[in-house]
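Colleague: Here it is, the structure in full.
The values are calculated or read from the model by the stated rules, or taken from the named source; none is laboratory data. Computed from a prediction, not measured in an experiment: that's the story for all the values here. Neighbour counts run over all protein chains shown; Cβ positions are idealised from the backbone, glycine included. Ligands, DNA and RNA are excluded from the accessible area calculation, which covers all protein heavy atoms including side chains. Shrake-Rupley method; radii C 1.70, N 1.55, O 1.52, S 1.80 Å.
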Amino acid sequence: MSGSAGFDRHITIFSPEGRLYQVEYAFKAITSANITSLGLRGKDCSVVISQKKVPDKLLDPDTVTYIFKVSPTVGAVVTGQIADGRAIVDRARSEASEYRYKHGFDMPCDVLAKRMANINQIYTQRAYMRPLGVAITLVAVDDEKGPQVYKCDPAGYYVGYKATSTGPKQQETMNYLEKKLKNKEHAAGDWKQVVETAITTLSNVLAVDFRKNDIEIGVATKEGFRKLSVDEIDERLVAIAEQD
């Protein structure tokens, strides 16, 4: 509150410096969840990976998830306030199903990203709404454009990436990926190798050796989007360990 002199009370009021404090608070809410995720593009697949933290031993770990299937072809990882994440995924599913009903084919990933970004931007204009404290990364493999990774933030900004990250370690992960993908259009190898690259990236940045229940992974291919099972994640972790 100090220094903002009441300009953070309403979402519709700009401060004299041209800042919207409520939107900035939404970005802080994303990192406060302390979950780092990343999206990565391969030659013929797109991969999303997120940390998975189960805060209580009495919780059913199967019900704790940050990766969702939006449509048969599009998947998403949400980072930030999980309740807001579920709300934005429900809206994305609604938009995708309505698009399929109207047009007769699945909503392309870039079109869905634009639509979700437009909705987020409207949330920054209305006093009776608050921006959702969550960033959503959408992945799919388009028949014409190939693998796609798009990220939408609470301000309504969206853009396509070769690779992107969200969360408290976002900058360190992006720096690591920039070196890894220098002068490359995508990560090398098939979907299994791209998954291994994503796991290695997150593991190195966070300085953590993951176990199979510590992460969750979604893979988009031409066949559609699916989440990897715990056993499949374990296979990839074993493969990484054997390489070392």
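Colleague: Listed highest first by mean packing, meaning other Cβ atoms within 10 Å per residue, what order do 195-204, 44-53 come in?
Modeller: 44-53, 195-204
Colleague: Using θ = phi - 60° and the Karplus relation 6.51 cos²θ - 1.76 cosθ + 1.60, list the HN-Hα couplings for region 61-74 in order, rounded to whole Hz, with x at every Gly or Pro.
Modeller: x, 5, 8, 9, 8, 10, 10, 9, 8, 8, 9, x, 9, 10
Colleague: Given a 1.4 Å probe and the protein chains all in place, what does the accessible area of Arg100 round to, in Å² to the nearest 10?
Modeller: For Arg100, the solvent-accessible surface is approximately 110 Å².
Colleague: Efficiency by 1/(1 + (r/R0)^6): what FRET value for Asp234 and Arg86, r their Cβ-Cβ distance, R0 = 25 Å, to the nearest 0.05?
Modeller: With R0 = 25 Å, the Cβ-Cβ based efficiency is 0.40.
Colleague: Students often forget the sequence filter, so: which lysines lie under 17 Å Cα-Cα from Lys102 once same-chain residues fewer than 8 apart are removed?
Modeller: Within the straight-line cut-off, Lys102 pairs with nothing.
Colleague: Now for a separate question. Determine the gain in length on full extension of the stretch Glu172-Arg211; use 0.36 nm per residue of separation and subtract their C-alpha separation, reporting nm with one decimal.
Modeller: So the chain would gain 11.9 nm between Glu172 and Arg211.
Colleague: Using Cα pairs closer than 8 Å and at least 6 residues apart in sequence, work out the relative contact order for the chain, in percent.
Modeller: Worked out over the chain, it gives 27 percent.
Colleague: Now, a different point. Which option, [x] 57, 45, 45; [y] 66, 44, 38; [z] 48, 44, 35, is the value of Cα extents along the principal axes in Å that was calculated from these coordinates?
Modeller: Calculated Cα extents along the principal axes in Å: the matching label is [x].
Colleague: What shape does region 1-119 take by its C-alpha gyration tensor, where a ≥ b ≥ c are the square roots of the eigenvalues and a/c under 1.5 counts as rounded, a/b above b/c as prolate, and the rest as oblate?
Modeller: oblate
Colleague: Could you derive backbone 3J(HN,Hα) for region 80-85 from the dihedral phi with the Karplus parameters 6.51, -1.76 and 1.60 (θ = phi - 60°), listing whole Hz in sequence and x where the residue is Gly or Pro?
Modeller: Coupling constants for region 80-85: x, 6, 5, 5, 5, x Hz.
Colleague: How much FRET efficiency would the formula 1/(1 + (r/R0)^6) give for Asp244 and Arg9, where r is the Cβ-Cβ distance and R0 is 41 Å, rounded to 0.05?
Modeller: 0.20
Colleague: Hey, another quick one. Return the sequence-ordered ³J(HN,Hα) values of region 102-114 in whole Hz as given by the Karplus equation 6.51 cos²θ - 1.76 cosθ + 1.60 applied to θ = phi - 60°, using x for Gly and Pro.
Modeller: 6, 9, x, 8, 5, 5, x, 4, 5, 5, 5, 4, 5
Colleague: Shifting gears a bit: Can you order the peptides 150-159, 167-176 by their average number of other Cβ atoms within 10 Å per residue, highest first?
Modeller: Ranked by mean Cβ neighbours within 10 Å, highest first: 150-159, 167-176.
Colleague: Ranked highest first by average number of other Cβ atoms within 10 Å, how do 129-136, 182-189, 70-77 line up?
Modeller: In decreasing order of mean packing, 129-136, 182-189, 70-77 become 70-77, 129-136, 182-189.
Colleague: Before rounding to the nearest 500, sum -39500 (n - 2.57) across all DSSP H runs of length at least 4 in the chain and divide by the residue total; then give [θ] at 222 nm in deg cm²/dmol.
Modeller: Helix contribution divided over all residues of the chain: -12000 deg cm²/dmol.
Colleague: Tell me which lysines have Cα within less than 21 Å of Lys222's Cα, excluding those fewer than 8 residues away on the same chain?
Modeller: Lys43, Lys69, Lys145, Lys151, Lys162, Lys192
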